[in-house]
Amino acid sequence: MKKDVPFVWDKACHNAFESIRKYLANPPILGAPMAGKPLILYIAAQKCSLRALLAQENEENKEKTLYYLSQTLTGPN
């Protein structure tokens with residue numbers, strides 16, 4: 001938003017907002033791990049954030065997310 005620029009909220013904006021709102025209100029269902037199958041761990045570490053995803057291949061040999069996390073890091077105050 002900029003000063004002296006009118007704010008326009010049209011139908012397309014409303015539809016996009018509703019789509020995002022519905023997705024965030026109903027996050028994807030994560031699976032439970034299957035005993036005896038290997039786990040896959042992805043890790044991404046940057047200076048100011050950490051991310052991790054734990055996955056496992058399902059019966060159809062498709063990778064299914066079991067757990068994920070994201071953390072913003074802050075430096076000393």
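The stretch between residue 23 and residue 7, if pulled fully straight at 0.36 nm per residue, gains 3.3 nm over its current Cα-Cα span. Working note: Karplus 6.51/-1.76/1.60 with θ = phi - 60° gives the stretch 55-66 the couplings 9, 7, 6, 8, 4, 8, 6, 9, 6, 10, 6, 9 Hz, where Gly and Pro are set to x.
Rounded to the nearest 0.05, the FRET efficiency derived from the C-beta distance between residue 74 and residue 40 at R0 = 30 Å is 0.55. For the stretch 37-77, a/c is not less than 1.5, where a ≥ b ≥ c are the root eigenvalues of the C-alpha gyration tensor, and a/b tops b/c. That puts it in the prolate class.
Rounded to the nearest 10 degrees, the inclination of helix 11-25 to the longest alpha-carbon principal axis of the chain is 30 degrees. For residue 64, the residues whose amide H sits under 5 Å from its own are 56, 57, 58, ignoring neighbours fewer than 5 places away on the same chain, with H placed 1.01 Å from N. The HN-Hα couplings worked out from phi for the stretch 38-43 by the Karplus form 6.51 cos²θ - 1.76 cosθ + 1.60 (θ = phi - 60°) are x, 9, 10, 10, 10, 10 Hz, whole numbers, x standing for Gly and Pro.
Read-outs throughout are calculated quantities, based only on the coordinates presented, and are distinct from any laboratory measurement. In this text, all values refer to a predicted model and were calculated from it rather than measured experimentally. Heads up, the Cβs are rebuilt from the backbone with ideal geometry, glycines too, and the neighbour counts pull from every protein chain shown.
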